[in-house]
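The values are calculated or read from the model by the stated rules, or taken from the named source; none is laboratory data. The structure presented is a predicted model; accordingly, all values stated were derived computationally and were not measured. Note that each Cβ is placed from the backbone with ideal geometry, even for glycine, and that neighbours are counted across all protein chains shown. Note: accessible area is taken over every heavy atom of the protein model, side chains too, but ligands, DNA and RNA are not part of it. Shrake-Rupley method; radii C 1.70, N 1.55, O 1.52, S 1.80 Å.
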Amino acid sequence: MMIRGKPDEDDYWNSSKFKAFTFDDEDDDFTRLKESKRAVNSIRSLVEEEDEEDDVEKVSWSGEPVGSISWSVKETESSIRSTGEVRDQSFPKIHTAPSLPKNSSGYSLSSLFKGKAKTGSFQSFSESFGDPSIRNYAPELRKPKSEYKDYVSDWTPEETVKRMQQGKVYSLEKFRSLQDKLLLLDEAVNAHDGNVITAVLIYLKKSLSKEILFRELITREIALRHYIHYLKEIGEQKLLVELFKSMDRTEDMALMQYRDHLNVRDENKKRDFLKNCLSFPFSPDDATHVQDHYTLLERQIIIEANDKQVESSGQADIFKKYPRKASILNMPIITTLYYSCFYHYGESDGTFSSPANIRKTFRISDKQFLLTCLGARAKLKAWFDVDALFTTKNWLGYTKKRSPIGFHRIVDILQKNNAPVQVLQDYVNLVEDVEQKISLAQKYKCHDVIINTYRDLKDRQQLIVYRGKVERGSSEYRKIEEILSNSQLRWKN
Amino acid sequence: MAHSVRRDAPELPDFSLLKRLARDQLIYLLEQLPGRKDLFIEADLMSPLDRIANVTTLKQHDVDKLYKVEHKPIVSTSDQLCFLIRPRIKTVKWICDVVNADKAFGRFRRYKIIFSPQKFYACENLLEEQGIFGDVTTDEWSFYLLPLDDDIISLELPEFFRDYFLEGDQRWVRTAGSALHLLHSVYGPFSKVYGIGRCSKMAYESWREQVEEGEQRARQAEIGNVFLIDRDVDLVTPLCSQVVYEGLVDDIFRIKCGCVEFCPDVTSSDKSIKVMLNSQDKVFNEIRNEHFSQVFGFLSQKARNLQTAYDKRSGMDIKQMKTFVSEELKGLKQEHRLLSLHIGASESMMKKKTKQDFQELLKTEHSLLEGFEIRECISYIEEHINRQSYGIEHLLTFSNLKQLGLLVEQQPGETLTVMESRVGKLVNDKTAGKLTDAFSSLAKKSNFRALGRRLNLVPKSDEEYDLRVPRDMAYIFSGAYIPLSCKLIEQVLERDGWTGLEEVTRMLNGHEFAVTAGSNGSDARVKTDSQRIILVMFLGGCTFSEISALRFLGREKGLKFIVVTTAITNSARLLESMLDNHA
């Protein structure tokens, strides 16, 4: 990529080693790409007219050619849907009387294949397919005799672990003393095989009291982590909480319990659950988060109930003009603030739904507040509100525009929300860095800003160059002419 | 394009054998349950399965209907059910429910679970606890390795990263060892193994033991050297935004198992299409490793050539036309199709990235890497977190960059604490409480800055970098950064070990090794060829950018790299695996 030295490049690109590669729309490359596309597209018609035997190719093109497995699974799904076989059934309760198969004579051939309609009656027949119980153990029986020792207890912890790794027959029953159990565990850990470590832990879980097991795990970090992961996976929440508690890992315990809120669907129940969480022994940081989470949900429930009602009653224009796309429940804090700035702007600080109240309650920083609010008001094209966001009065009563964020950023945000040039140029003018100001003004076609800046810089050459870029006879053209012919000005070039 | 290519690079081994092995074993296993049966397939096994077999193969072995595992009650009427699954507790639980529901109905069926790539005791224990051990037979389908391309082999185990690096569970260590063992017995014997990281060490040990347990057959080695690397040796590289074509496509459209779904936006039609992205795609093959800025020029040149080729027809007589249609047209049509797709994709990516202020993002990332203008970067990050113009993945990317030590050095104290709590707050109600845990796991002390200096990872910023003629691997990040992972590989191969890198390994927490096998008696000529084929195994995933960097290195040094990874990753996947936002 060549350096093109375009004046509107960020100065970063000019000053750094990276050649100006940009993703900007106007870039030459993009135009080039568009041209290539046009060229290729123009060939398209020509190609398609000769496209008769194309099906074969299409197949090779797709990641899922006809006949692929993914494709076939989809077929099964759609055929199920079309035959209506799927009812929204959950797992049947054990006590419900089983529904009879459609073909319920019990003697037809097809029913034999569907399985036994009633217990027992066709047992011998079904087993003649090959006794499943024999099949299960057959692989073991086929193993050479030499692999068996007379007494399984002959296997040392090392041998046992090795056999487990290799998927051979093994037995853990002989490890009965605590010492043997721990030797076995340590051996598994030494073998670096998580599968075997977990297997031993499952055996220890069954054969040791949890107090003893927990105590021994404290000094065995790797085994402990396997145990925690295992308990998580099989969903033994309670035991996990006990484990953390016994190890004084109360913060982990609190987080573990807090995590359960994900399983609570109903918002009121979730709120109550979170309220209950507040008393858990979180770390100070986490405690603040959980408190915020609770407060936020509580507030969202109130706002949601109110706004839903207002919206359906058609009382407020804002909801009519911009119907809500989704409920505000469980949205992040910034989304909630945005929502508040969108639908509840200008409400008094006392209301739960007002932006000011949310800002205060959740300690939202100036920057964060400004950016969110700006986004919401710009979306509504409330340029007056936007203006007010930046206006400050000093003690003499003069107004001045200030922002905790660079005005070039503000311009970007406004532009993305389709602000008109009149609005944009006010903010472009506020950009302090002159080069940046001109580059933004050029990008967004704020002629006045450019012309005035060159005038103020007394840069006649640039002004003449710019005259060549604007439309002859337009108001900006006339303005440049006027300035250039002003004999009062002392040009620097 | 214009790379200096050393001609003497050896040929890559043929990995299609791995597919055949997997297919044959699957067929064997299906035959262990004779008669017609319905097959339930774990969702993330479907694409890998598609790459090695098709429905006809399955039907030939009495598979009747195919279903995706959805953890819902089943509708099958078959009296034999076969489940092809990953060894996951959740899936086994679901099977237990299915079987117990059948029992409650008094329905008799036969069940078989095929675990891939192996079974876990915890799964079998669940079968036992649920009272269906024995009702269900189990088997293992050792489908360890899926070749995604000529030089990429994936274990397709994205959970490897989280299980090992976050949960500290070593269940996949032996799997990695077995995968290595398979490669060793088919394409080995390896003569040298280098590695860094705890997991690499353990995987090496596991492989070594398996070699000792099995019998050795003397054969000519196709792959001589192996390099094992843990993902947490270098977490910075996968968190960087990718700008090489293949990486960018992955970041934006997500390549899944070597296949991408291009949305209607790209295809300029009303439907999405799935496209295989590999060396078979001639257009893709030429642009995949290029910096995105170089792609347009290439594509427009191609478009012009194509136009010329089509234009040839105008002056032809019937006979010439006939030859043209029978010999050239098909190729041209294929190329046309490919070209319009990649142009469409490039265009769509440009649009998306322009919208996202990608330029600014890259600038910030590069400054972070350089350790430059940290204050501005933080302010940029804050603003974007605030604006939420980025997806959650970016928001967390930055927090993690910080956690990884990229920001901490020059900005201790307040700003960061504020930022952290803000990130926490923002994601708080969207993600689970475990987030904090995930972060602290990632937050191992990193000496990134010192490493960067030591290994020259960040080229001097006053030099110009010509992306048309890349001079080093930094081109994959616009000349701003040489990926640490690949730099280590380069250095170790150059030095034939870790000598002289003591300080580097100390900063990376050690666990480096370099071992040589006893003489294998293979003749010297073969040895030299196989010596220049290096198998690099990433434990915990690798990115397309890293693969591009290694391909570049290979071209420069006359080597061939084969990348074996537990999964293809990128910043979004890495961070998503750290999230805990579902019950």
**Asked** How much net charge surrounds A:Phe273 when only other residues with a Cβ under 10 Å from its Cβ are counted (Lys, Arg +1; Asp, Glu -1)?
**Response** +1
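Ranked by accessible surface with a 1.4 Å probe, highest first, in what order do B:Asp163, B:Asp150 come?
My answer, sorted largest first, is B:Asp150, B:Asp163.
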**Potential lengthening between A:Gln237 and A:Glu173 on full extension [0.36 nm per residue; Cα-Cα distance subtracted]** = 20.3 nm
**Message:** Which residues belonging to region B:317-340 lose at least 10 Å² of 1.4 Å-probe accessible area when the assembly is complete, relative to their chain isolated?
**Reply:** B:Leu329, B:Lys330, B:Lys333, B:Gln334, B:His336, B:Arg337, B:Leu338, B:Ser340
**Message:** Tell me the accessible surface of A:Tyr338 in square angstrom (1.4 angstrom probe, heavy atoms of protein chains only), to the nearest ten.
**Reply:** 80
**Prompt:** Using heavy-atom solvent-accessible surface (probe 1.4 Å) with all chains present, what is the largest-first order of B:Asp250, A:Asp426?
**Reply:** A:Asp426, B:Asp250
**Complete:** 1/(1 + (r/R0)^6) with r = Cβ-Cβ of B:Glu140 and B:Ser185, R0 = 25 Å, i.e. FRET efficiency to nearest 0.05, evaluates to 0.90
**Prompt:** Counting Lys +1, Arg +1, Asp -1, Glu -1, what net charge surrounds B:Ser279 among other residues with beta carbon under 9 Å of its beta carbon?
**Reply:** -2
**Request:** Please give the average number of partner chain Cβ atoms lying within 10 Å of the Cβ of each residue in B:100-112, rounded to a whole number.
**Result:** 5
**Length-normalised contact order of region A:148-285 in % [C-alpha pairs under 8 Å, at least 6 apart]** = 14
**Fill in**
Partner shielding of B:294-300, as the mean number of partner chain Cβ atoms within 10 Å, equals 5
**Request:** Just read off the accessible area of B:Asp466 with the full protein assembly in place, 1.4 Å probe, to the nearest 10 Å².
**Result:** 50
**Request:** Report the antiparallel proportion of the DSSP beta bridges in region B:110-233 as a percent, rounded to a multiple of 5.
**Result:** 20
**Fill in**
Sorting A:Trp155, A:Trp491 on solvent-accessible surface, 1.4 Å probe, most exposed first, gives A:Trp491, A:Trp155
**Prompt:** Using a 1.4 Å probe on the protein chains only, how many percent of the accessible area of region A:338-473 belongs to carbon and sulfur?
**Reply:** 50
**Asked** Tell me: how much accessible area in total is hidden between B and A, 1.4 Å probe, Å², nearest 100?
**Response** 11600
**Prompt:** Looking only at other chains, what is the average number of their beta-carbon atoms within 10 angstrom of each beta-carbon in B:49-61?
**Reply:** 3
**Fill in**
Share of accessible surface on carbon and sulfur in region A:171-326, whole %, 1.4 Å probe and ligands ignored, is 49
**Request:** Taking 30 Å² as the minimum loss, tell me which residues in region A:331-373 lose that much accessible area going from the chain by itself to the full protein complex (1.4 Å probe).
**Result:** A:Pro332, A:Ile333, A:Ile334, A:Lys367, A:Gln368, A:Leu371
**Item:** Probe 1.4 Å - accessible area at A:Leu296, Å² to nearest ten
**Value:** 10
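Give me the net charge for the shell around B:Gly510: Cβ to Cβ below 11 angstrom, other residues only, Lys and Arg +1, Asp and Glu -1.
Net local charge, B:Gly510 excluded: +1.
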